[in-house]
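The values are calculated or read from the model by the stated rules, or taken from the named source; none is laboratory data. Here the structure is a predicted model, which is why all the values come from computation and not from measurement. Cβ atoms come from the backbone with ideal geometry, glycine included; neighbour counts cover every protein chain shown. Surface areas here come from the heavy atoms of the whole protein model, side chains and all, with no ligands, DNA or RNA. Shrake-Rupley method; radii C 1.70, N 1.55, O 1.52, S 1.80 Å.
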Amino acid sequence: EKIIDEIDLKENELFQINSTFHDISVVENNIGRFLKYDDTYQAGFIDSPNYKGNLFYINYFLIPYLMNKNVKNILLVGFGSGIIVNQFEKIFEKLDRIDVVDIEENIFDIAKNYFDFKDSKKINFFLQDALIYLKNNKRKYDLIIVDVAGNEGIDERFLSVEYLNLIKKNLKKKGIFISNLPSSRDIFNKKNKVILSLLDDYRKMFNFVDIYNGETSNKLYYKTFYNIDKIVYDITNLILISSDFRYKISSNYEKLEDINVDIKPYLSDLAKW
């Protein structure tokens, strides 16, 4: 769309480093502050008239609070800015620990220095390939979140049945698993073969799989970044929330309101399938 191509966000680079895996920068513009790998926004904090908070799609990761407020152990694969970690500490009153796995050695210091991340005794950081961690780990979690999409999509290893078996190995019997997958907005189109095959694998592995289609996130993105009220490109963050136990969604949003997240529009994105 012409209007998108014409908008210049006028980025100011605050930090830059080349690591083993990424060309990393932290930039600031009139929308907020962002972590970039190469030319792609990976994490950040938005501060605009339309919206203040984490990247839009990450708010779906807060839905498990409405499913099980007694979560004690969380595994987060893909650290980003660390904002979601501090949010979890605020909303889950019985939380004992959050284990964070990321392969990027600079990410923890960047989060502390540029995104106001607050470390604590509950947070354990593992600088490691996630699949190696999942293979070797002996702990089981109430909640596992995997957000590893990068510039070129997702590593095929995170799309395999073997990977899902590792998730099940690390998840408690009533545990909740969240994954973020890039997808066409037309989720169930027969041409969307990779996603449809993957959804089939998820349904074979878990008793219940809920799909959040990302439409609220998409709308907020275009409104906040480009001040337009339509979705331009056919791509979305597909959020899958899987479990072997059928949780009900609580209507008590008080804790989420305390961290300035209006979760209700995100809940409306539950897709029928």
- Query: How large is the charge dipole for the chain, taken about the Cα centre, if only the Cβ atoms of Lys, Arg (+1) and Asp, Glu (-1) carry charge, to the nearest 20 debye?
  - Reply: 1720
- Task: Determine ³J(HN,Hα), in whole Hz, for all residues of region 60-68 in sequence, where each value follows from phi through the Karplus function 6.51 cos²θ - 1.76 cosθ + 1.60 and θ = phi - 60°; x replaces Gly and Pro.
- Result: 4, 5, 8, 4, x, 4, 7, 9, 8
- Between Glu13 and Val232, what is the spin-label point distance in nm, taking each point 7 Å from the Cα along the Cα→C-beta axis? 2.4
- Item | Local electrostatic count, Asn70, Cβ distance below 12 Å [Lys/Arg +1, Asp/Glu -1] | +2
- Item | region 165-224: trypsin sites (Lys or Arg not before Pro) in DSSP loop, at most 14 other beta carbons within 10 Å | Lys190, Lys191
- Centroid-to-centroid separation of region 103-138 and region 171-241 [C-alpha atoms, Å]: 25
- Which listed pairs, of Lys36/Lys272; Lys219/Lys248; Lys140/Lys219; Lys72/Lys168, have C-alpha distances above 29 Å, in listed order: Lys36/Lys272; Lys140/Lys219
- Task: Just name one of Ile123, Phe45, Asn29: the one whose Cα is farthest towards the positive end of the charge dipole of the chain (beta-carbon charges, Lys/Arg +1, Asp/Glu -1).
- Result: Ile123
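How large is the charge dipole for region 142-223, taken about the Cα centre, if only the Cβ atoms of Lys, Arg (+1) and Asp, Glu (-1) carry charge, to the nearest 20 debye?
About 300 debye.
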- Query: Separation between the Asn207 and Leu127 pseudo-spin-labels, each 7 Å from Cα along Cα→Cβ, expressed in nm?
  - Reply: 4.1
- From the Cα gyration tensor of region 1-73, with a ≥ b ≥ c the square roots of its eigenvalues, which class applies: rounded if a/c is under 1.5, or else prolate if a/b is larger than b/c, or else oblate? oblate
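What's the magnitude of the charge dipole for region 75-212 around its Cα centre, counting Lys and Arg as +1 and Asp and Glu as -1 at the beta-carbon? Answer in Debye, nearest 20.
In debye, rounded to 20, region 75-212 gives about 800.
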- Message: On a straight-distance basis, which aspartates and glutamates could pair with Lys174 in a cross-link, Cα separation under 18 angstrom, same-chain partners fewer than 8 positions away excluded?
- Response: Asp96, Asp142, Asp210, Asp244
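State whether region 79-119 is rounded, prolate or oblate according to the following rule on the C-alpha gyration tensor (a ≥ b ≥ c being the square roots of its eigenvalues): a/c under 1.5 gives rounded; otherwise a/b larger than b/c gives prolate, and the remaining case gives oblate.
oblate
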- Note on the structure: Rounded to one decimal in nm, the spacing of the 7 Å Cα→Cβ label points at Ser160 and Phe188 is 3.1
- Note on the structure: Taking a ≥ b ≥ c as the square roots of the Cα gyration tensor eigenvalues, with a/c under 1.5 meaning rounded and otherwise prolate when a/b beats b/c or oblate if not, the chain comes out rounded
- Query: Tally Lys/Arg at +1 and Asp/Glu at -1 over every other residue whose Cβ is under 13 Å from the Cβ of Tyr202; what's the total?
  - Reply: -1
- Accessible carbon and sulfur surface of the chain relative to its total accessible area, %, 1.4 Å: 47
- Quick one: which residues, 5+ away or cross-chain, put their amide H under 5 Å from the amide H of Tyr41? H built at 1.01 Å from N. none
